[in-house]
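The values are calculated or read from the model by the stated rules, or taken from the named source; none is laboratory data. None of the values given here were measured: they were computed from a predicted structure. FYI the Cβ positions are ideal-geometry reconstructions off the backbone, even for glycines, and counts take in every protein chain you see. We work out accessible area using only protein heavy atoms, side chains counted, and drop any ligands, DNA or RNA first. Shrake-Rupley method; radii C 1.70, N 1.55, O 1.52, S 1.80 Å.
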Amino acid sequence: MADAEPQTAPAGAKRSDLPVRVASAVVMLALAGFAVWRGGLVLTGFIALAGFAVFVEYVRLVAKIAPDPARMVAGVVSGAFYVGWAAFALVVMPVPLLITVVGLVIATDTGAYFTGRALGGPKIAPSISPSKTWSGLAGGMAAAGIWAGVVALGGGYLISAIGPNGPSLGEALRTVNVGIATLIGAGLAVVAQAGDFYESWLKRRAGVKDSSRLIPGHGGVFDRVDGLLPVAIIAGTAWALSQALGQ
């Protein structure tokens, strides 16, 4: 009976942490949703503020890792390039693409979490992120692929609505390559997971669990957008190139 209290205390602590995590998530979603709804300078300011917070947390991690000033400077410069590129990509891309990118990362995390918990199996890189499994990666890819396919089909349907015959699912299927969109979504899920692993690797080397304690129950801003950064870079750059080429 002496061991009963130590066993039950952590469970209670986890239960008490859930309301904090949920409340923080609701606040974050509300702020992001408001920024997207207002658009313009409000959205740009929100992205810039979040990007600055991520950069500060990145520098804090580098400061714990770098063995000398030269490597500290190199780490700060690489962090500024990485985070700055992602933030700029999010600022310049159109809102529909922004929503698509964020939704894809959320789908990846959700699919990976539930599939990994349900199926388990071999770990991808246990020394970096012990909870990540190959089955979870497959689930994240599937969820992101479905999200991208649905978004592409929905976009095609909306475009068909302005045609002479009105909205048509058949026309949407003819004009949009849902299969390619699904494959792109699955590929970007791998990119999102790579961003997650990168931050986990930084935290492992720095010897910390979270990038900061800014968000109650969730850690830092970097912890929440680690997978979004590389996806934003790829999606935003691809969109910019397509605009430059007139496609």
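I'd like the full set of residues that are open to solvent by 20 Å² or more (accessible area, probe 1.4 Å) and under 12 Å from R21 (Cα atoms), limited to the stretch 198-223.
The answer is I215, P216, G217, H218.
Counting only residues that are open to solvent by 40 Å² or more (accessible area, probe 1.4 Å) and part of a helix (DSSP H, G or I), which one in the stretch 116-135 is nearest to A194 (Cα to Cα)?
W134
What are the pairs with Cβ atoms under 9 angstrom where one residue, in the stretch 68-91, is more than 14 Å from T237 (Cα to Cα) and the other, located anywhere, is open to solvent by less than 90 Å² (accessible area, probe 1.4 Å) and not in a helix (DSSP H, G or I)? Sequence gap at least six, or different chains.
M72/A66; V73/A66; A74/A66; G75/A66; V76/A66
Given the condition surrounded by 18 or more Cβ atoms within 10 Å (Cβ to Cβ), assigned to a helix (DSSP H, G or I) and aromatic (F, W, Y), answer yes or no: does some residue in the stretch 137-150 qualify?
Restricting attention to the stretch 137-150, the residues satisfying the condition of being surrounded by 18 or more Cβ atoms within 10 Å (Cβ to Cβ) are 137-145, 147-149.
Filter again for assigned to a helix (DSSP H, G or I), leaving 137-145, 147-149.
Checking which are aromatic (F, W, Y) leaves us with 147.
Yes: one or more hits.
What number of residues in the stretch 224-247 are touching a residue at least 60 places away in the same chain (Cβ under 8 Å) and under 15 Å from F55 (Cα atoms)?
6
How many of the residues in the stretch 68-90 are crowded, with 16+ Cβ neighbours inside 10 Å and β-branched (V, I, T)?
The total comes to 2.
Residue check: is A189 over 12 Å from the mean Cα position of the chain (by Cα), assigned to a helix (DSSP H, G or I), at pLDDT 95 or above and surrounded by 20 or more Cβ atoms within 10 Å (Cβ to Cβ)?
When the stated conditions are applied, A189 does not pass them.
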